[in-house]
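Step one of this worksheet: look at the structure below.
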Amino acid sequence: MSEKEQLQALRVRIDNLDEQILGLISERARCAEEVARVKMASLQPGEKPVFYRPEREAWVLKHIMELNQGPLGNEEVARLFREIMSSCLALEHPLKVAYLGPEGTFTQAAALKHFGHAVISQPMAAIDEVFREVAAGAVNFGVVPVENSTEGAVNHTLDSFLEHDLVICGEVELRIHHHLLVGENTKTDKISRIYSHAQSLAQCRKWLDAHYPNVERVAVSSNADAAKRVKSEWNSAAIAGDMAAQLYGLTKLAEKIEDRPDNSTRFLIIGNQAVPPTGDDKTSIIVSTNNKPGALHNLLVPFQARGIDLTRIETRPSRSGKWTYVFFIDFVGHQHDPLVKDVLEQISQETVAVKVLGSYPNAVL
Ligand SMILES: O=C(O)C(=O)C[C@]1(C(=O)O)C=C[C@@H](O)C=C1
């Protein structure tokens with residue numbers, strides 16, 4: 001067979017497979033519509049339907065990854081199914097999600113990675129605004145950054161939990177790749193200013209010291225804002241990611257300039273809905289202790305005694321008294337697990353206050 005004939009035969013097979021895939025996706029979507037009808041029909045008076053089920057979504061994605069035998073990688077197939085589920089959920093009920101904007105930020109990329117592209121995503125100017133939109137019920141969920149592997153905690157997010165009564169419903173981790181971006185009018189040999197968010201400038205500090213030691217570094221409100229500014233300036237560049245580059249039509253003068261190749265950011269999904277256990281969960285709590293010697297040690301011993309793994313601990317000023325602190329603690333397990341219930345009971349006896357921010361599935365993707 002000639003190359004042309006071979007390609008033709010293969011394309012006929014692909015067309016045939018696509019038709020079958022389309023038929024199956026449509027059948028799945030009809031099932032999701034049916035699921036929505038069942039959810040609506042079984043509501044008690046005054047009860048609101050819960051269309052989005054993160055525990056079920058986590059199960060579906062893990063199941064697909066377990067079944068997958070290639071040649072596509074696990075992450076790739078999970079991403080495809082994430083989008084199918086996102087479209088099915090939008091048929092049931094379109095989700096509104098607020099994120100730390102503007103458009104083109106890594107937080108938007110995290111929101112789309114977690115919910116898929118069928119959500120209605122709304123950029124907010126500040127982390128606190130994301131919390132307020134969710135608390136007011138203007139959107140179903142919010143997405144905010146909480147920690148970066150190079151730069152540590154995002155304090156605005158931690159502090160917002162002290163002011164709002166919201167639940168953590170999920171987490172998403174994103175590999176952060178920064179690029180040096182320029183516009184079509186930029187004179188690349190005359191760059192005198194580099195814009196980016198302070199955290200991104202910090203994540204690229206060594207690269208900047210080596211390549212642009214004498215260029216002014218200007219911290220702005222987001223990487224997307226940085227990208228927007230360079231469009232109209234001929235002597236400046238921005239550090240931002242792929243989404244911002246695409247959105248503002250910038251080109252990459254240098255790619256992946258972050259100092260650490262494993263640079264990642266963890267984001268939280270905040271909402272009003274408690275998530276049932278999946279068997280692979282994490283719980284986040286805030287604890288305030290007496291300002292006494294050994295308070296932190298006493299707080300941690302009950303976890304150690306039960307073999308519960310702590311995945312993170314952060315300290316922040318409590319805002320209710322000078323030199324008093326609260327601890328943000330993440331650990332493995334769900335608040336309904338007997339062992340976790342037990343540890344929460346014990347620490348609530350030994351501390352001033354314990355607040356469970358939520359139990360949620362470990363990030364699948
Ligand atoms: O199983 C459900 O409850 C559904 O609504 C279906 C479905 C899906 O498409 O698989 C859609 C949205 C939910 O977030 C979880 C799963």
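Six or more apart or on different chains, Cβ atoms under 8 Å: show the pairs whose first residue is in the range 223-235 and under 21 Å from residue 100 (Cβ atoms) and whose second is in a loop (DSSP other than H, G, I, E, B) and of a type in the set (Asp, Glu).
224/103
Can you say whether residue 26 is loosely packed, with under 11 Cβ neighbours inside 10 Å, under 34 Å from the mean Cα position of the chain (by Cα) and within 19 Å of residue 276 (Cβ to Cβ), as far as the supplied structure shows?
Spelling it out, it is not the case that residue 26 is loosely packed, with under 11 Cβ neighbours inside 10 Å, under 34 Å from the mean Cα position of the chain (by Cα) and within 19 Å of residue 276 (Cβ to Cβ).
Kindly indicate the residue of the range 223-239 that is farther than 9 Å from residue 195 by Cα and within 26 Å of the chain's Cα centre (by Cα) and also surrounded by the fewest Cβ atoms within 10 Å (Cβ to Cβ) among those meeting that condition.
This residue is 228.
Just for helices (runs of 4 or more DSSP H) wholly inside the range 200-254: which have at least 1 residues that are closer than 17 Å to residue 185 by Cα?
223-230, 242-247
On the given criteria, is residue 150 outside any helix (DSSP H, G or I) and either touching a helix residue (DSSP H, G or I) at 6+ places or on another chain (Cβ under 9 Å) or without any contact (Cβ under 8 Å) to a residue 60 or more places away in the chain (or both)?
Judged against the criteria, residue 150 is a match.
Please state which of the following conditions residue 188 fails to meet, knowing it meets all the rest: (1) under 23 Å from residue 316 (Cβ atoms); (2) outside the structural domain of residue 136 (by TED's automatic domain parsing); (3) β-branched (Val, Ile, Thr).
(1)
Given the residues 151, 103, 171, which is the only one that is under 30 Å from residue 259 (Cβ atoms), acidic (Asp, Glu) and either at pLDDT 95 or above or in the same structural domain as residue 246 (by TED's automatic domain parsing) (or both)?
Every option except 171 fails the conditions.
Condition test on residue 247, is it in contact with a Ser or Thr (Cβ under 8 Å, 6 or more places away or on another chain), crowded, with 16+ Cβ neighbours inside 10 Å and at pLDDT below 95?
Judged against the criteria, residue 247 is not a match.
Can you tell me which condition residue 43 does not meet? The list is (1) in contact with a helix residue (DSSP H, G or I) (Cβ under 7 Å, 6 or more places away or on another chain); (2) under 21 Å from residue 169 (Cβ atoms); (3) among the aliphatic types (A, V, I, L, M), and all the others hold.
(1)
Is it the case that residue 285 is touching a Pro at 6+ places or on another chain (Cβ under 9 Å), within 29 Å of residue 137 (Cα to Cα) and crowded, with 16+ Cβ neighbours inside 10 Å?
For residue 285, the condition - touching a Pro at 6+ places or on another chain (Cβ under 9 Å), within 29 Å of residue 137 (Cα to Cα) and crowded, with 16+ Cβ neighbours inside 10 Å - is not met.
Which of (1) more than 25 Å from the chain's Cα centre (by Cα); (2) farther than 16 Å from residue 281 by Cβ is the odd one out, the single condition residue 326 does not satisfy?
Condition not satisfied by residue 326: (1).
Give me the residue from the range 172-192 that is of a type in the set (Asp, Glu) and more than 25 Å from residue 78 (Cα to Cα) and, out of that set, surrounded by the most Cβ atoms within 10 Å (Cβ to Cβ).
184
Is it the case, given these coordinates, that residue 158 is outside any loop (DSSP other than H, G, I, E, B), modelled with pLDDT of 95 or more and crowded, with 18+ Cβ neighbours inside 10 Å?
no
The values are calculated or read from the model by the stated rules, or taken from the named source; none is laboratory data. Since the model is a prediction, treat every value here as computed from it, not as a measurement. With ideal geometry, Cβ positions are generated from the backbone for all residues, glycine too; neighbour counts draw on all protein chains shown.
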